[in-house]
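All remarks here apply to the structure that follows.
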Amino acid sequence: MTAEQAVPSAAGGAGEEELQERFDATIARDQRIEPRDWMPEGYRRTLIRQVAQHAHSEIIGMQPEGEWITRAPSLRRKAILFAKVQDEAGHGLYLYSAAETLGVDRADLTERLIEGRQKYSSIFNYPTLSFADVGVIGWFVDGAAICNQVPLCRSSYGPYARAMVRICKEESFHQRQGYEMLMTMMRGTEAQREMVQDAVNRWWWPSLMMFGPPDDNSPNSARSMAWKIKRHSNDELRQRFVDMTVPQAEKLGVTLPDPELRWNAERGRHDFGTPDWDELMRVIKGDGPCNAERIERRRAAHEDGAWVREAAVAHAAKQSGRAGSGAERGVAA
Ligand SMILES: [Fe+2]
Ligand SMILES: [Fe+2]
């Protein structure tokens, strides 16, 4: 199937205007749009972009932490990290499946990622310099993912919303394993506490950038919110993340590297400094510390896996040939 091939709609002969009205009414009633429903092209394209970027982020996101699997300091930490990185692969697969219900093909989306025509989250272009980074990624990055993704469980597109329900449960485990690991390190030696603080210093601002540019510079946001694909603005989600994380940092005994961070009793929320938006734009455009490395690794893995895909297709063809000719199943080739 080619990219964005039109999916047959259950239009039943209704005119475009009537279809649009039905779609708008479904959204207004907070009901779900399903793959067989008619949807405006803009809605479909926006979703394809968002779900594909999300899937790519899960898959690329395996790399920064995956690098530490062989260097985990104990069997327990290795088993936890292994499970976490495998979960991210699973998240990527659910999301590619959700994207396929919109009429795109996973192989084609992978090509677009490798060729740099589709993006993934900017956060995964930063290096993991110590094992404390694994804990801080769980705490910050999976914590930010939870802030972003819990509202997506109510997204207007059914397959995306349903994929999010299971993903969010697993993200909660990811966040906890990170925080628990940092708690352990903070109870350890002075050197371990310094490692944690150093990782916090490096990951804090990139984590705030994960929510995207500020609302007044986020042209697609309003549209996505009107379509109820997104439920909250970038700035609102960023604020929720800060409010959630500050008490956790206090409990842990680390300092968040923002001199402007303070409780605002009037707003009932925290005030905080401005992330370096120029840095975010540079990283999104491909000029972050690890962009080239991440894509190169993904390309190599994709090429290395070609024989598996070919074998799977050949096997499926053989099976369906057998089924067609009435041959017995389960006979070894
Ligand atoms: Fe994930
Ligand atoms: Fe995760």
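The values are calculated or read from the model by the stated rules, or taken from the named source; none is laboratory data. Nothing here was measured: the structure is a model prediction, and the numbers come from that model. Here Cβ is always computed from backbone atoms with ideal geometry, including for glycine, and neighbour counts include all displayed protein chains. Note: accessible area is taken over every heavy atom of the protein model, side chains too, but ligands, DNA and RNA are not part of it. Shrake-Rupley method; radii C 1.70, N 1.55, O 1.52, S 1.80 Å.
Take GLY138 and decide whether it is part of a helix (DSSP H, G or I) and either over 19 Å from MET164 (Cβ atoms) or within 16 Å of ligand 2 (Cβ to nearest atom) (or both). Taking the combined requirement at face value, the residue satisfies it.
Of the residues screened, ASP198 is not one that is open to solvent by 50 Å² or more (accessible area, probe 1.4 Å), at pLDDT below 95 and either more than 18 Å from ILE137 (Cα to Cα) or part of a helix (DSSP H, G or I) (or both).
Contact map, the range 218-237: first residue more than 22 Å from TRP38 (Cβ to Cβ), second residue in a helix (DSSP H, G or I) and of a type in the set (A, V, I, L, M, F, W, C), Cβ cut-off under 6 Å, separation 6 or more or different chains; pairs are LEU237/CYS147. Touching a residue at least 24 places away in the same chain (Cβ under 8 Å), farther than 22 Å from ASP142 by Cβ and not basic (Lys, Arg) - does that describe any residue in the range 159-176? So far as the range 159-176 goes, yes, one or more of its residues are touching a residue at least 24 places away in the same chain (Cβ under 8 Å), farther than 22 Å from ASP142 by Cβ and not basic (Lys, Arg). Only one of the numbered conditions (1) among the aliphatic types (A, V, I, L, M); (2) more than 13 Å from ligand 1 (Cβ to nearest atom); (3) within 18 Å of LYS84 (Cβ to Cβ) is violated by VAL104, and that is (3). Of the helices (runs of 4 or more DSSP H) that lie entirely inside the range 29-117, those containing 2 or more residues that are away from ligand 2 (no atom under 13 Å from the Cβ), over 21 Å from VAL134 (Cβ atoms) and open to solvent by 20 Å² or more (accessible area, probe 1.4 Å) span 41-60, 75-100, 106-114. Of (1) out of contact with any His (no Cβ under 6 Å at 6 or more places or on another chain); (2) within 16 Å of ligand 2 (Cβ to nearest atom); (3) not hydrophobic (A, V, I, L, M, F, W, C), ARG22 satisfies all except one. Which? Against the list (1) out of contact with any His (no Cβ under 6 Å at 6 or more places or on another chain); (2) within 16 Å of ligand 2 (Cβ to nearest atom); (3) not hydrophobic (A, V, I, L, M, F, W, C), ARG22 comes up short only on (2). Checked against (1) over 22 Å from MET185 (Cβ atoms); (2) open to solvent by less than 10 Å² (accessible area, probe 1.4 Å); (3) away from ligand 1 (no atom under 16 Å from the Cβ), GLN20 passes all but a single condition, namely (2). Listed by first and then second residue, the pairs with beta-carbon distance under 6 Å, at least 6 apart or on different chains, first residue in the range 135-154 and over 14 Å from PHE211 (Cα atoms), second among the aromatic types (Phe, Trp, Tyr) and in a helix (DSSP H, G or I), are VAL136/TRP203; TRP139/TYR179.
Note on the range 271-285: residues that are under 19 Å from ASN217 (Cβ atoms) and out of contact with any helix residue (DSSP H, G or I) (no Cβ under 6 Å at 6 or more places or on another chain) amount to 9. Of THR245, THR274, all but one fail to be closer than 21 Å to ASP133 by Cβ and either out of contact with any Asp or Glu (no Cβ under 7 Å at 6 or more places or on another chain) or hydroxyl-bearing (Ser, Thr, Tyr) (or both); the exception is THR245. Summed over the range 177-201, residues that are hydroxyl-bearing (Ser, Thr, Tyr) and without any contact (Cβ under 8 Å) to a residue 24 or more places away in the chain total 2.
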